[in-house]
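Nothing in this text is a laboratory measurement; each read-out follows from the coordinates by a stated rule. In this text the structure is predicted, and so the values were computed from the model without any measurement. Every residue, glycine as well, gets a Cβ built from its backbone with ideal geometry; the counts of neighbours run over all protein chains shown.
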Amino acid sequence: MHMAEIAYHKPLTGHDEFDSLIADFSDESDPEKAEEVRQRIWDKFGTKGAVFISDMASFSSTSRKVGVCHFLKMIHRTRQIVAPVIEANRGVLLKCDADNCYAFFKSADDAIRASFDVNGALFQANDRFDLGEQVNLSVGIDFGRVLLIGDIEFFGDPVNTASKLGEDLATRNEVLVTHRAIENSNFEIPELAERMVARISEIEIQYVRLPMTENSPGR
């Protein structure tokens with residue numbers, strides 16, 4: 001559910017140079033010069049790391065039943081839980097947009113550990129609330145090269161893939177981690193974890209499904 005009116009973004013400090021380079025790249029008709037600008041963009045903003053994207057399970061359907069104000073309250077509570085866990089695992093929470101949280105980690109291990117810790121914190125928090133007040137997240141994690149714009153935004157194939165996993169494929173209390181994220185970590189796949197393959201928009205995604213429980217690995 002995309003709701004611009006409740007989106008939160010950090011101030012766009014440092015974003016001007018990126019926007020200017022993208023405008024130059026868009027306006028450049030000479031292929032060689034365009035390639036030079038493209039390389040400048042990657043030299044300035046390119047990095048490698050893990051992308052973590054979470055989504056509140058059943059947000060759209062349930063908010064229609066009980067009203068958006070109820071879920072605005074739950075979104076606020078979720079952000080209060082997620083933010084310190086991301087930071088504690090050496091990640092950067094770039095933004096929260098409606099019921100989604102977007103974070104970047106230099107280490108795939110830290111991103112995977114953060115997914116366990118976030119769900120663990122939510123399990124504990126949910127014990128204090130009735131079923132209708134409980135929050136459940138789905139998380140997608142990928143690893144690779146991205147354009148990281150300070151601490152406010154990122155772009156790249158890992159962002160697209162993590163978004164597909166976290167928002168479209170994962171169900172409540174699940175973490176879906178791509179094979180390339182696992183290959184760039186020291187994480188040992190649990191014996192019962194499901195290895196999956198999905199094709200979305202003509203792109204094949206190989207990933208592992210990690211259902212979250214109160215005794216999930218890493219907790």
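Of 146, 51, 175, the residue with the greatest mean-square motion in the GNM of the chain, using alpha carbon springs below 10 Å, is 146. When 99, 127 are sorted by how many other C-beta atoms sit within 10 angstrom of their C-beta, beginning with the fewest, the order is 127, 99. Relative contact order of the chain: 23 percent, from C-alpha pairs under 8 Å at least 6 residues apart in sequence. For a straight C-alpha distance cut-off of 19 angstrom, the aspartates and glutamates reachable from residue 73 (same-chain residues fewer than eight places away being disregarded) are 5, 55, 97, 99, 127, 130, 133. Here the Karplus relation 6.51 cos²θ - 1.76 cosθ + 1.60, evaluated at θ = phi - 60°, turns the backbone of region 22-29 into coupling constants of 5, 5, 4, 5, 5, 8, 7, 8 Hz, with x for every Gly and Pro. Straight-line reach from residue 44: taking Cα to Cα under 17 Å and skipping same-chain neighbours fewer than 8 places apart, the aspartates and glutamates in range are 16, 17, 19, 24, 35, 36, 151, 153. In the chain, a dipole from Cβ-located charges (positive for Lys and Arg, negative for Asp and Glu) runs towards its positive end, and of 154, 72, 207 it is 72 whose Cα lies farthest in that direction. Sorting 191-198, 110-117 by average packing, meaning the other beta carbons within 10 Å per residue, from highest down gives 110-117, 191-198.
For the chain, a crude dipole built from +1 on the beta carbon of Lys and Arg and -1 on the beta carbon of Asp and Glu, taken about the Cα centre, is about 820 debye to the nearest 20. The modelled label-to-label distance between residue 168 and residue 106, using points 7 Å beyond Cα along the C-beta direction, is 3.2 nm.
The three principal axes of the C-alpha atoms in region 134-186 carry coordinate ranges of 33, 26, 18 Å, sorted with the longest axis first. Would region 138-219 count as rounded, prolate or oblate if I go by the C-alpha gyration tensor, calling it rounded below 1.5 in a/c and otherwise prolate when a/b exceeds b/c, oblate otherwise? Prolate shape, in that a/c is at least 1.5 and a/b is the bigger ratio. Highest mean packing comes first when the peptides 69-75, 15-21 are listed by Cβ atoms within 10 Å, giving 69-75, 15-21. Taking amide H positions as modeled 1.01 Å from N, with prolines and chain starts lacking one, the residues under 5 Å from residue 94 and 5 or more places away or on another chain are 102, 103, 104. Entry note: region 101-141 has Rg to Rh equal to 1.06, where both radii use alpha-carbon atoms and Rh is the Kirkwood radius. The phi torsions of region 90-100, fed into the Karplus equation with coefficients 6.51, -1.76 and 1.60 and a -60° offset, translate into couplings of 6, x, 10, 7, 6, 6, 10, 10, 6, 9, 10 Hz, rounded to whole numbers, with Gly and Pro shown as x.
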